[in-house]
Amino acid sequence: MLNKYALVLTSIKGIGVKTFSYLIPESLKEIIQIGQPVLVPFGRMGLINAFVVGFSNYLPENIKAKNISKILDTTPIFDIDYLKFLEWVADYYFCSIQNVIECAVPMKFLNTEKKELSQKFIEFVSFENATKRQKEILELLQNKGKTDLIEFEKEAKTTRTTINKLAQSKCLKITEEQIYRNPLNIFKTQELQDFPELLPEQQEAYSQIEKRLGTHSRILLHGVTSSGKTEVYFKAIKKVLESGKNVLFLAPEIALASVLTKRLAKRFGTDITAIWHSSISDGEKFDVWQKIKNNEIRILAGARSAVFAPLKNIGLIIIDEEHESAYKQTMPSPRYDARTVAQKLAEYNNCPILCGSATPDINSYYYAKNSNNLLEMKKRYNDYPMAKVKIIDMREEHFRANNGIFSRALVNAIENNLKDKKQTIILMNRRGFSTYTQCLACGEVIECPKCAIPLIFHSQTQTLKCHYCEHEETLPEKCPKCGSEALKNCGTGVQKVEIIAQKLFPDARIVRLDSDSMSKKNQHIEILEEFSKGNIDILIGTQMLAKGLDNPNVTLVGVINADNSFNLPDFRSCERGFQLLTQVAGRAGRGDNPGEVYFQTYNPDFFALETAKEQNYKSFYETEIQAREDFDYPPFSKIIRLILSSKNQYRAERCAQEIAMRLNDIVEKRQISEPLAILGPCACIIEKLQEKYRFQILIKNKLEDKGHRFILNFLSQVKLPDDIKLTVDVDPLDIL
Ligand code: ADP
Ligand code: ZN
Ligand code: ZN
């Protein structure tokens, strides 16, 4: 029997993404399918766009359903398997399916008017009618041919009005062209690059991967930086494509995904390669989506959201730099981890998932090791030696009356490096100028009025900024508490390091790279390009510069306050710190020049620092995994984090207590309180965020799926008053 009602999904301003039921007219009953875009009447708004997402013969409540007006396109945009996959995500991360669809399916598909990104170009036409000043501009253009308008404006130091006038008097022509941010449209591949012969170690890794194709294995390729992991991936991709299957390739961020896509296209061809991430234009998403559906795209590369692209018939999923936390979306919901979702996708496709890293996630390493899926590559391609790491004990520096941020050894090394015309990287993993602003008279530390967190001074803007919310204020002249003028910006941030470096090395070309130094999108890509062209001597930055840089002329890396990363009150802080230091050390000595690395620290004997110095992952892992086991942290349990937040501190706390009590009652009754430990509630480490007080309950689940379902079932029955918000973070990356 044919269904009476269709469930359709809409996205309406002010209401958000929701589903509604509509009657299916007789004439449409035979052709209507899940995934089709349709038109439906919606109150005073008239006809609106929607997708069909389900069918039923009953209405949930006593409502009068209206008719679906029209099927816009009989070809569905997605199918039922795809919806099921998204449903799994919604279940696992405890959020609504609407929420997941909103994140996965470009909702702009619903808008009939397609807005494209466009770019304006100008071309020289003639000198007729031009004034003397205008001629200068036109002369510049004449030699250039067709030029991007914005770029040209900058270069010719002219304004849009001038250019428009010139266009009106027919001296030049303005054309508008559609552009996509797809890197593949920027260059054309002529000839495909050859595959190099693999080294024995690479070959061995490859054959192990080949053996596992067609099985649902979770492979970890642990290879030191520059061991040639990418070539191993590429050979595996070739094999999978030959077998008629497709490949999904994830990179932790958009910039890396773009670089990767170019490499893939050069090897496998532009026509079968595509990129997918959150900031490609809707028009392009639509194109890629259609091409994927027609099976024209064989390799899809992208950042975490690419895991939701409707790629079918997948034979291999590759996750490069798999340890990166950018794979997890923390805000907004769905708080999904692309690595976990990819695993589910691999299971549906019965294909292996191949993770690669020089510093794997502790969990991945543990699972791979215990399932015999761990592949290792220990040698750098070309046998370049690993950079030599020196640990500088800053306590000794102070003892010898050097109270600066740079140790004498590092200053010497930088000076020598500048002399040799080599490049230097300085890591200071903290944004801003200082770390807190304190009144020396009364001791008051200036905090964000909305969050219980010190405000941080930014030297460029001369303001205090909160790094957890948008709050920004000018640096007060007097202490807000006692009125004294003795305010001091204490501690060290990356801006302070930059200013001091400029004083120490006045002739060097120094550039800072962090999220504050970028006034426009993709500026960090530009900075990295300038750096690799050799136009920057010293690049100073936060963890942003620890990734992906592959620059043979970098021979020196200095880390200021190497302890910084270890001191966060979070069970992953050692892992994060170790990864950061190892990655940044790997930036030195990629060419023929051996690299030198300096870690400046106040805690030289700390195990994570020592193992990072030796670049000894295994030794780090052995110590860390023992600590995880001792405290039942992942991989020995899975964590679900509940946060109850409210403007009313008392009510948030009471509510958290009640939920914890009820949870404790049930687990005790069922005698599962040992494998399903309920911890808390306690105030979050960041107690107050954006004017809301926060209390958390941590659940350590050792019962796998059963425990997971148990908790989520419980939570689905929790009813909260309007002024209290419950945030559920499944497998959280931090617990701050
Ligand atoms: P990783 O991803 O492990 O850091 P890459 O795959 O980027 O390393 O390899 C490092 C460098 O070595 C690259 O420039 C790459 O082209 C080169 N390379 C790796 N393997 C080979 C090979 N078998 N033949 C020739 N060049 C190789
Ligand atoms: Zn004061
Ligand atoms: Zn704040």
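The values are calculated or read from the model by the stated rules, or taken from the named source; none is laboratory data. Since we're looking at a predicted model, the values are computed, not measured. Using ideal geometry, Cβ is built from the backbone for each residue, glycine included, and neighbour counts are taken over all protein chains shown. Protein only, heavy atoms only, side chains kept; ligands, DNA and RNA dropped before computing areas. Shrake-Rupley method; radii C 1.70, N 1.55, O 1.52, S 1.80 Å.
For this structure, a couple of remarks:
- In percent, rounded to a whole number, the relative contact order of the chain is 10, using alpha-carbon pairs under 8 Å and six or more apart.
- Debye log10 I(q)/I(0) for segment 626-736, one point scatterer per Cα, at q = 0.15, 0.19 Å⁻¹: -0.62, -0.97
- Structural descriptor for segment 443-531: relative contact order 13 percent, calculated from alpha carbon pairs under 8 angstrom and at least 6 residues apart.
- Per atom type, segment 244-302 shows carbon and sulfur on 46% of its accessible surface, probed at 1.4 Å.
- Percent of alpha-carbon pairs separated by more than 26 Å within segment 348-498: 56
- Here segment 128-267 yields Rg over Rh of 1.24, to two decimals, using C-alpha coordinates and the Kirkwood radius.
- Across 344/688; 144/285; 18/702; 618/706; 84/245, pairs whose alpha-carbon gap is larger than 27 Å: 344/688; 144/285; 18/702; 618/706
- For segment 284-349, the alpha-carbon radius of gyration amounts to 1.14 times the rule-of-thumb value 2.2 N^0.38 Å expected for a compact globular protein.
- Under the Debye formula (equal points on every Cα, no solvent term), log10 I(q)/I(0) of the chain at q = 0.05 Å⁻¹: -0.30
- The ratio of the alpha-carbon radius of gyration of segment 445-531 to the globular-protein estimate 2.2 N^0.38 Å is 1.30.
- The fraction of all Cα pairs in segment 215-299 landing in successive 5 Å bins from 0 to the largest distance is 3, 12, 21, 26, 19, 12, 5, 1, given as whole percents.
- For residue 328, the residues 5 or more places off, or on other chains, whose built amide H falls under 5 Å of its own are 338.
- Each peptide in 425-435, 713-723 was scored by the mean count of other Cβ atoms within 10 Å over its residues; highest first, the order is 425-435, 713-723.
- Pairwise FRET efficiency - residue 19 versus residue 62, Cβ, R0 = 22 Å, nearest 0.05: 0.80
- In this structure, the amide hydrogen of residue 448, modeled 1.01 Å from its nitrogen in the peptide plane, lies closer than 5 angstrom to those of 453, 455, counting only residues at least 5 positions away or on a different chain.
- Taking one quarter of the surface of the C-alpha convex hull of segment 594-678 gives a mean projected area of 9.7 nm².
- Seen from a random direction on average, the alpha-carbon convex hull of segment 431-491 projects onto 3.7 square nanometres.
- For segment 15-98, convex hull of alpha carbons as volume per residue, Å³: 118
- Where labels lie 7 Å past Cα in the beta-carbon direction, separation of residue 670 and residue 168 in nm: 7.5
- Peptide ranges 25-34, 319-328 listed from the most packed, as the mean C-beta count within 10 angstrom indicates: 319-328, 25-34
- Entry for segment 200-381 at q = 0.14 Å⁻¹: log10 I(q)/I(0) = -0.70, Debye formula applied to identical alpha-carbon scatterers, no solvent contribution.
- Among 41-53, 354-366, the order from most to least packed when residues are scored by Cβ within 10 Å on average: 354-366, 41-53
- A crude spin-label estimate for the pair residue 690 and residue 127, with each label 7 Å from Cα along the Cβ direction, gives 5.9 nm.
- Per residue, the accessible area of the chain comes to 48 Å² when a 1.4 Å probe rolls over the protein heavy atoms.
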